[in-house]
């Protein structure tokens, strides 16, 4: 009877997620979203495992993949990630989880992406005008997760993001929601989440101001009218994730974890990511994976990394590293440091 009850719960869970996936499919628009920096996964641990993290809850920034993980995180934690991203772009992420009760957690996050200074070039002056500009993106989020039963948890996160290119910017609000279900205390985890479901945004700023000639073929009129370029509103990169995490205990010193996620974004094709982790004595971990299988024209692929976990002054310290292949865009590197308190 217990097995039948588990089956009914899982079946209902998957039916709901498939219905949500169908809703997202209906509003799919390839290549027309803003806030792409929100799609950069912050966890070096999950990054080394192909970013298959929707069914994991071992670290507090698992909330990025699935806010429902917060209900299962054992203690208050803080984690910080720095990534050497494509084209020398700097990516930073900070997440803090504060335990409110045994089954509840508050989550605060901040994301930053900065291009550094770039030369301003024009058609008339292709070698540069002498000016320099930057592209900077930030996002701030607050989330809450709760374990509703001993095996089922749910959570949500609300974020505000802003993109800035030189003197022009846009802003939008985003909502993340997710659930996590454990088949048994040390068994398979099933997770699903929707990320970046929110408002639309369009650019505004003095860079869009222009001088305009209403009719270039007409002489004698004002050919230097003040005007402004009007940009369309674009949606955020909504993504639906569903996946499994399977722990495997070999002996007291050797533990394995396998994970697989399926993705349905609103601005790209569907894909599957998978990864594995070997942990030795609860201290050292080796990880590997492959991300975005079956995605059309994907530049990503193999991932790998390692991690250390040890106690320092009574607090548990985590240090993780991830390398990811990005084809013609070269490789990326992530470093995550976390501490429990």
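Coordinate-derived values only; no laboratory data. Small disclaimer: the values here were computed from a predicted structure and weren't measured. So basically every Cβ, Gly included, is an ideal-geometry build from the backbone, and we count neighbours across all protein chains shown.
If R0 is 22 Å, what FRET efficiency do you get for residue 333 and residue 108 from their C-beta distance, rounded to 0.05? Efficiency, rounded to the nearest 0.05: 0.30. Relative to the longest principal axis of the Cα atoms of the chain, the long axis of helix 2-26 makes an angle of roughly 10 degrees. A simple packing score, the average count of other Cβ atoms within 10 Å per residue, orders the peptides 189-196, 325-332 as 189-196, 325-332, with the highest score first. When peptides 113-126, 69-82, 150-163 are sorted by average Cβ neighbour count within 10 Å, with the highest value leading, the order is 69-82, 150-163, 113-126.
Using 1/(1 + (r/R0)^6) with R0 = 51 angstrom and r between the beta carbons of residue 127 and residue 173, what's the FRET efficiency to the nearest 0.05? If you can, show how the numbers build up before the last one.
Details: r = 41 Å, r/R0 = 0.80.
After rounding to 0.05, the efficiency reads 0.80.
Neighbouring Cβ atoms within 10 Å as the yardstick, rank 89, 142 fewest first. Don't jump to the answer; show the numbers that get you there.
Values: 89 17, 142 13.
Least crowded to most crowded, the residues run 142, 89.
Full extension of the segment from residue 101 to residue 117, taken as 0.36 nm per residue of separation minus the current Cα-Cα distance, would add 1.3 nm.
Here the contact order of the chain, divided by its residue count and restricted to Cα pairs under 8 Å and six or more residues apart, works out to 20 percent. If the segment from residue 270 to residue 341 were pulled out straight at 0.36 nm per residue, it would be longer than the present Cα-Cα gap by 21.7 nm.
Taking 0.36 nm per residue of sequence separation and removing the Cα-Cα distance, the residue 140/residue 158 pair yields an extension gain of 5.6 nm.
Within the range 109-148, what residues put their amide N at less than 12 Å from the label point 7 Å along the Cα-to-Cβ vector of residue 211? In the range 109-148, the label zone of residue 211 (backbone N under 12 Å from the point 7 Å along Cα→Cβ) covers no residue. Convex hull volume per residue, computed on the Cα atoms of the chain, equals 159 Å³.
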